[in-house]
């Protein structure tokens, strides 16, 4: 079971240090910069060639390669991605092919003064949404020296080593002509057809040279419009949505209700931040629980994405999240699992429940707190098929968790909604799904439930107010 730090049980200090050393860096651009600079500082006079972030048996490492101007030697560093300590340093003679490549790069260094750190700064805004840096390499393309960035989703970005600007020769992404209507005009055309509608998404379709607008009419009907680059509505269809899309749209509309920035305004903000670019898509999203508008653009350097805070208009940075594997579905409900755990542990309250697959079957891990002193933390494993409690264990409590437990105990009362109500509110908001995890936490003088709901293959992370039951993304 994954436990947030505030609920972490006590572990030996040595184990905690070991886990910290194995963690991958949360800020990859900064970590790449620090690792590369560390290697260069240890080898004055050598030149940067390549940097990779790799997982070696659970330990995250940077593999940095440098070369001398003569191309005869290369130096390889292995650097811990958490502590930036040098774990290995090897100097080797180059092969004939490597020497030829290094000599060609060295010949262009005089006119290519952009440092790796500067290239990383230029490439960071072009990180594809949901992806992260994986590899950086100096190479020659089209007779010019560039930094090639590769991301975890296999996307690539090139940064000129001479100018520090993105470069994407032969960019294959068609965009609307500068003389065509803007995104704002396309939105206005859609609203003229459906006054008072909520615009969910606007996207340019390069294959058909037209725009596609998804909206919800004022009467609650989902429509999809196709609009030509001259602003003429070509088609107007009813949208037949999957359950994942229905849940996604409902959550977006829930967040859009508190927004002050429109899709058109967000497009203008993004264009001001990326002069010379063209908007090809704009839609509602969420970032760390805050409604944002995602704007996709294309310029001479290729595609990029900008997120605009829908409440303030500020540009925000995305937070990549690794996908979670789909778990098998339990046959009992969350409420039944909680009741079984409470029956097995009388005089307690539940504060955390999570679905846990094991041996091809689904189980629930239910954590409970004693109501009376002394406070006790127990974890029960409940069979997802029979609701039988398979085991109950008394867990140690860290000082941090003990303080949290006291807050939960002092704030819970008759007005606190139940786990079942919180889960149902989450499902009502999305219209479908399975609650895979729910936790009770103290926050801002009250209590909140943090709920993870899977709809199809997509995970939604929500926060439910413990008193009002209000639902917000997180």
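The values are calculated or read from the model by the stated rules, or taken from the named source; none is laboratory data. All of these numbers come straight from a predicted model, not from anything done at the bench. For neighbour counting, all protein chains shown are included, and Cβ atoms are generated from backbone atoms with ideal geometry for every residue, glycine included.
A few points about this structure:
- Test: residue in the range 391-406 that is in contact with a helix residue (DSSP H, G or I) (Cβ under 7 Å, 6 or more places away or on another chain) and either at pLDDT 90 or above or assigned to a strand (DSSP E or B) (or both): yes
- In the range 455-467, the count of residues that are in contact (Cβ under 8 Å) with a residue 24 or more places away in the chain, at negative phi, more than 23 Å from the chain's Cα centre (by Cα) and not in a strand (DSSP E or B) is one or more.
- Residue count, the range 415-448 (criterion: in a strand (DSSP E or B) and more than 18 Å from residue 336 (Cα to Cα)): 6
- Residue identified as in contact with a helix residue (DSSP H, G or I) (Cβ under 7 Å, 6 or more places away or on another chain), under 21 Å from residue 296 (Cβ atoms), crowded, with 17+ Cβ neighbours inside 10 Å and modelled with pLDDT of 90 or more among 136, 159: 159
- Matching entry among 92, 50 (being surrounded by fewer than 20 Cβ atoms within 10 Å (Cβ to Cβ) and in contact (Cβ under 8 Å) with a residue 60 or more places away in the chain): 50
- Just so you know, in the range 270-289 the residues that are farther than 22 Å from residue 179 by Cβ and touching a residue at least 40 places away in the same chain (Cβ under 8 Å) include one that is farthest from the chain's Cα centre (by Cα), and it is 273.
Yes/no matrix, rows are residues, columns are (1) closer than 17 Å to residue 355 by Cβ; (2) buried (at least 18 other Cβ atoms within 10 Å of the Cβ); (3) assigned by TED's automatic domain parsing to the domain that holds residue 291:
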{"residue": "438", "(1), (2), (3)": "yes, yes, no"}
{"residue": "443", "(1), (2), (3)": "no, no, no"}
{"residue": "449", "(1), (2), (3)": "yes, yes, no"}
{"residue": "454", "(1), (2), (3)": "yes, yes, no"}
{"residue": "466", "(1), (2), (3)": "no, yes, no"}
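- Flag for residue 260 being at negative phi and in contact with a strand residue (DSSP E or B) (Cβ under 9 Å, 6 or more places away or on another chain): no
- Residue 103 being closer than 20 Å to residue 36 by Cβ and not in a loop (DSSP other than H, G, I, E, B): no
- Within the range 260-273, being under 22 Å from residue 301 (Cβ atoms) and out of contact with any helix residue (DSSP H, G or I) (no Cβ under 8 Å at 6 or more places or on another chain) holds for 266, 269, 270, 271, 272, 273.
- Considering the range 111-132, the residues that are touching a strand residue (DSSP E or B) at 6+ places or on another chain (Cβ under 6 Å) and modelled with pLDDT of 85 or more include one that is surrounded by the fewest Cβ atoms within 10 Å (Cβ to Cβ), namely 112.
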